[in-house]
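Note sheet for the following structure.
The values are calculated or read from the model by the stated rules, or taken from the named source; none is laboratory data. Quick caveat, the model's predicted, so the values are computed rather than measured. Here the Cβ positions follow ideal geometry from the backbone for every residue, glycine too, while neighbour counts run over all protein chains shown.
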Amino acid sequence: MSGKSTLVNEWAEAGDLILDIERLWASVCNGDKPDSMKRIVFMLRDNLLDAIRLRQGTWPVAWVVGTYPLLGERERLSLLLNAECIHVDTGTEECLKRCNGNIQRINYVGSYFEKFQPPPRV
């Protein structure tokens, strides 16, 4: 709910590879995210991450859209992919407002901000 996908949609150019877990969910099932589909969605994500890591394909830029509240997760992914992390710094109130009353999303946002470790200051 921070605007990650919106940012990538604005910045990405034709031919860029976009790995967005929400798009994967939408391509596999309609609406909710049933537990029965988690294994498939995460397998697709992992396969695409491997393709990015190995630089398979001829795409100019790969965008990995994800929610990674822990600094260690972000650092591990950055090292694995030899990539730069871009943090979309949207506050809790704005994210909650964008949930439009959806309890599942509200809980997800709350959980994210409870765990969130900010990026180091440069």
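Can you work out which of the residues in the range 8-51 that are assigned to a helix (DSSP H, G or I) and among the basic types (Lys, Arg) is farthest from LEU96 (Cα to Cα)?
Among those that are assigned to a helix (DSSP H, G or I) and among the basic types (Lys, Arg), it is ARG39.
Please state which one of SER111, SER5 is in a helix (DSSP H, G or I), surrounded by 13 or more Cβ atoms within 10 Å (Cβ to Cβ), out of contact with any Cys (no Cβ under 7 Å at 6 or more places or on another chain) and among the polar types (S, T, N, Q).
Exactly one of SER111, SER5 is in a helix (DSSP H, G or I), surrounded by 13 or more Cβ atoms within 10 Å (Cβ to Cβ), out of contact with any Cys (no Cβ under 7 Å at 6 or more places or on another chain) and among the polar types (S, T, N, Q), namely SER5.
For residues in the range 91-108 being part of a loop (DSSP other than H, G, I, E, B) and exposed (fewer than 14 other Cβ atoms within 10 Å of the Cβ), which is farthest from the chain's Cα centre (by Cα)?
Ranking the qualifying residues of the range 91-108, first place goes to GLY101.
What is the residue count in the range 53-78 for residues that are within 27 Å of VAL109 (Cβ to Cβ) and not basic (Lys, Arg)? Quick ask: steps written out before the conclusion?
Keep residues of the range 53-78 that are within 27 Å of VAL109 (Cβ to Cβ), which gives 62-78.
With the extra rule that they be not basic (Lys, Arg), the set shrinks to 62-73, 75, 77-78.
Going through the range 53-78 one residue at a time, the tally reaches 15.
Touching an Asp or Glu at 6+ places or on another chain (Cβ under 7 Å) and either at pLDDT 95 or above or surrounded by 15 or more Cβ atoms within 10 Å (Cβ to Cβ) (or both): does that describe VAL61?
yes
For the range 32-90, what are the residues that are out of contact with any helix residue (DSSP H, G or I) (no Cβ under 8 Å at 6 or more places or on another chain) and among the charged types (D, E, K, R)?
Result: ASP32, ASP35, LYS38, ARG39, ASP46, ASP50, ARG55, GLU73, ARG74, GLU75, ARG76, ASP89.
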